[in-house]
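Structure first, then comments.
Nothing in this text is a laboratory measurement; each read-out follows from the coordinates by a stated rule. If you're wondering where the values come from, they're calculated on a predicted model, not measured in any experiment. Don't worry about glycine lacking a Cβ; one is built from the backbone with ideal geometry, like all the others, and counts go over all protein chains shown.
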Amino acid sequence: MKPLLTHEVGSLDKPAWRVAAYAGRKVLPQQIENAAAWGRRIGVDGYEELVALLDKSPLDREQRRQVARWSSIYGLRFLESAGLDVVYDGEQQRTEMYNWVVAHSDGFDARGSVRSFDNKYYTKAAVNGPVALKAPFHDAEFSLLSDHAASELKVHVTGSYTIAAWSFDERYREHDLGQPADLRRRHRKDARRQLVLDIARNVIRPNIESLIALGARWIQVDEPGASTEPDELDLFVESFNETVAGLDAVFSTHLCFSDYELFFPAIEGMHGCAQYCVGFANDDSRDLGTSDDVRPGYQIIERFRDLPHEPALAVGVLDIHTDFIEPPELVRDRILYSVDVFGGPERVHVNPDCGLRTRSWDVAYAKLRNMVEGTELAKAKLGL
């Protein structure tokens, strides 16, 4: 991996024209114009074909699938035109990172909607049968993007620990109310471990194996739920190792907002993780400078520097919870501080804190463009 690679972490907001069309509704004229305007702005070849299709709405099932494929191409071009080195499509064809996995797997039964963060929700399921992959569920999007990408691709796959942590367990845990507390705790731990590892072995790993067979070379295992239970971090590590062991690809993991001290020393036991994508900007100041006082969000990164397997750290430099557009100079200073802590740029990469689905395309685009510009300022300062 090259130093100071820029890339995204995951999701982008789904455009209003995509949402309306896929729901079988009439796409409004202003939404169609938005599709045309962004098509021109980010250089989508043949966007006029999409505009003509949207004008026919409401659409039948096959036409709705065509719109989903177009939104995937738009997401790809959005990130490429922003100037990122490594891209995907902002998860435009997926319903949601948890639901998409569950909907394509056996052994789950939907229970209802719960809030994840901000105003975002997901449909929580219960595990009530043997978990297994119905069929690989990222192959079609990866094949489409491979045909259209001008930049390097990184596929995002939700990890098994998060799927287990965000699900009800109605299969692995037996009724044990009459047992002593220590036996209940032991049984709970054994049941959780079996559930997590079954999802890793029977759902996530075979899906990744299929992607690799299609040519995927960089895969990011997303684990926003990794620190849900601090006493289970060893299980998160075990599940990652079980997912990727022996597979021929570069693997990253994305750790969402947390007290990152919780991950140490557990993640010292992770094998095959070449890069950690971690959010820091949301805890940082907006002041310029590279001193400890003005970079409070980045104090923890020395722990990642000292990991025995010497992974790259993709430092989050954009706060995805606000419309504040980080100036390039602020991005530059966050990068320079990180480089100084790491003793050089070789193991430092640059990304938003998390997926930008919480922000409009206008805001997300401005943030990403400034991120790329700030990275170039940092490179110039470092003589790269």
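With a ≥ b ≥ c taken as the square roots of the eigenvalues of the C-alpha gyration tensor of the range 14-82, please select rounded if a/c is under 1.5 and otherwise prolate if a/b is larger than b/c or oblate if it is not? Each step should come with its number before you reach the end.
Working: a/c = 1.92, a/b = 1.60, b/c = 1.19.
Because a/c hits 1.5 or more and a/b exceeds b/c, the range 14-82 counts as prolate.
Residues with amide H under 5 Å of Val27's amide H, sequence separation 5 or more or different chain, H placed in the peptide plane at 1.01 Å from N; which?
Answer set, sorted by chain and number: Ser57.
Apply the Karplus curve 6.51 cos²θ - 1.76 cosθ + 1.60, θ = phi - 60°, to the phi angles in the range 298-311 and return the couplings in whole Hz, x for Gly and Pro.
Each residue of the range 298-311 in turn: 10, 4, 6, 5, 5, 5, 6, 4, 8, 4, x, 8, 6, x Hz.
What number, in percent, do you get for the relative contact order of the chain if the mean sequence gap of Cα pairs under 8 Å and at least 6 apart is divided by its residue count?
Numbers: 703 pairs, mean separation 66.0, N = 384.
The normalised contact order for the chain reaches 17 percent.
Show me, for the range 122-132, the HN-Hα J-couplings you get by feeding each phi into the Karplus relation (A = 6.51, B = -1.76, C = 1.60, θ = phi - 60°), rounded to Hz, glycine and proline as x.
Each residue's phi maps through the Karplus curve to give 9, 8, 7, 10, 10, 8, 9, x, x, 7, 7 Hz.
Arranged by the count of other C-beta atoms within 10 angstrom, fewest first, what order do Trp70, Trp218 take? Walk me through the intermediate numbers first.
Numbers: Trp70 25, Trp218 18.
Ranked by crowding around the Cβ, least crowded first: Trp218, Trp70.
Counting only residues 5 or more places away or on other chains, whose amide H sits under 5 Å from the amide H of Ser285 once H atoms are built in the peptide plane?
Sorted by chain and number, the residues that satisfy this are Gly297.
Given 20 Å bins starting at zero, what is the percent of C-alpha pairs of the chain in each, up to the one with the largest pair distance?
Pairs per bin, as whole percents: 28, 57, 15, 0.
Would you mind telling me the antiparallel percentage of the DSSP bridges in the chain, rounded to 5?
Once the DSSP bridges in the chain are tallied, antiparallel ones form about 25 percent.
Going Cα to Cα from Lys56, which lysines come in below 27 Å? Please leave out same-chain ones fewer than 8 positions away.
Result set, ordered by chain and number: Lys14, Lys26.
Check Val87: other-chain or 5+ apart residues with amide H under 5 Å from its amide H, H built from backbone geometry?
Correct list: Glu152, Leu153, Lys154.
Would you be so kind as to identify which of Leu313, Thr123, Thr228 lies farthest towards the positive end of the dipole of the range 83-382, taking Lys and Arg as +1 and Asp and Glu as -1 on Cβ and the Cα centre as origin?
Selected residue: Thr123.
Ordered by residue, what ³J(HN,Hα) values in Hz, to whole numbers, does the range 66-78 give under the Karplus form 6.51 cos²θ - 1.76 cosθ + 1.60, where θ = phi - 60° and Gly and Pro are x?
Once θ is set to phi - 60°, the couplings for the range 66-78 become 4, 5, 4, 5, 5, 5, 5, 5, 4, x, 4, 5, 4 Hz.
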